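First the structure, in the form of structure tokens, and then the observations on it.
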Amino acid sequence: MGWGLRNRIARMFPAGSGHSVMLAVDHGYFMGPTRNLENAAATIHPLLPHADALALTRGILRTSVPPTTTTPIVLRVSGGVTILKDDLSDETITTSIEEAVRLNVAAVALSVFVGSPHEHQSLANLGELVDDGEAYGMPVLAITAVGKELEKRDARYLALACRVSAELGAHLVKTYYCDGFSKVVDSCPVPIVVAGGPKLDSIEAALTLAHNAMAEGAKGIDMGRNIWQSEHPVAMLKALRAIVHEGATVREAVGTFHAASVVPPPASR
């Protein structure tokens, strides 16, 4: 890896723990105005200081993130289909590597749909994006998407998707947590960050997912809905940071959440 590429990755995985808490707010590229992300700027603003990286599209970056931010940006560059389609795998590259460089982002990200009708297209997209990224010192994050077929999230399938992504040159891989997750990590030669997935039914469930993933070898967590659809999104992000950066237990992280969600009394006059 060249110095620029390594520097961009290091920005997302700060010194100390060497881990990352990424905040995903790119859901609108295929889901539209998702609950609590209707006004992206209002959602992002209070969370930005607590995230190690922010995953989003160029449209939301331009309109909803202040240019003074120092938070590394992971730019979503694939798309071309919405939830109105039965097959979500028919994606193409929608943002050029030159645009990513102009936007000064830390990495570019795209989905790969292993086993889908458009598997070949998405994997070819990955190979081409890695070529372009190498020319500019830009890391590529491959997202092992499963579309609407959530039952595919087993260790055998995810290990296949992650390994193929790494074999094609992805510098980082984002995937789901599953039973036997350590086998997925062991068979992937590049760092893995774990997706939060759909909104879970409790803060304990989301924090347990994060804790187990880190304990089994993940290098970070990339959550969206389990943060900004929480009643206390900043507190949730702080609780995740306690797990990822401080090695907190789930119980300790829940304590962090409750401490951070307490509304301070009004200042006396």
Could you say whether any residue in segment 78-86 is within 21 Å of residue 190 (Cβ to Cβ), at pLDDT 95 or above, surrounded by 14 or more Cβ atoms within 10 Å (Cβ to Cβ) and under 19 Å from the mean Cα position of the chain (by Cα)? yes
Consider residue 229 against the criteria (1) under 25 Å from residue 108 (Cα atoms); (2) crowded, with 24+ Cβ neighbours inside 10 Å: it satisfies all of them except one. Which criterion is unmet? (2)
Go through segment 94-110 and give me each residue that's surrounded by fewer than 19 Cβ atoms within 10 Å (Cβ to Cβ) and in contact with a strand residue (DSSP E or B) (Cβ under 6 Å, 6 or more places away or on another chain). 94
Criterion violated by residue 127 - all others in (1) surrounded by fewer than 21 Cβ atoms within 10 Å (Cβ to Cβ); (2) in contact (Cβ under 8 Å) with a residue 40 or more places away in the chain; (3) under 22 Å from residue 222 (Cβ atoms) satisfied: (3)
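Could you tell me which of the residues 15, 53, 41 is within 16 Å of the chain's Cα centre (by Cα) and small (Gly, Ala, Ser)?
53
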Would you mind listing the helices (runs of 4 or more DSSP H) fully within segment 147-248 where at least 1 residues are small (Gly, Ala, Ser), in contact with a Cys (Cβ under 8 Å, 6 or more places away or on another chain) and without any contact (Cβ under 8 Å) to a residue 40 or more places away in the chain? 155-167
Looking at the structure I just gave you, is residue 208 among the hydroxyl-bearing types (Ser, Thr, Tyr) and under 16 Å from the mean Cα position of the chain (by Cα)? no
Taking the criterion of being closer than 24 Å to residue 50 by Cα and of a type outside the set (Val, Ile, Thr), would at least one residue in segment 80-100 satisfy it? yes
Counting only residues that are farther than 18 Å from residue 243 by Cα and among the hydroxyl-bearing types (Ser, Thr, Tyr), which one in segment 172-215 is surrounded by the fewest Cβ atoms within 10 Å (Cβ to Cβ)? 187
Residues in segment 29-56 that are crowded, with 21+ Cβ neighbours inside 10 Å and within 16 Å of residue 106 (Cα to Cα): how many? 6
For segment 133-155, check the following and say yes or no: at least one residue is among the charged types (D, E, K, R), under 18 Å from residue 74 (Cα atoms) and crowded, with 19+ Cβ neighbours inside 10 Å. no
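The values are calculated or read from the model by the stated rules, or taken from the named source; none is laboratory data. What you see is a predicted model; the values in this text were computed from it and never measured. Backbone-built Cβ (ideal geometry, glycine too); neighbour counts: all protein chains shown.
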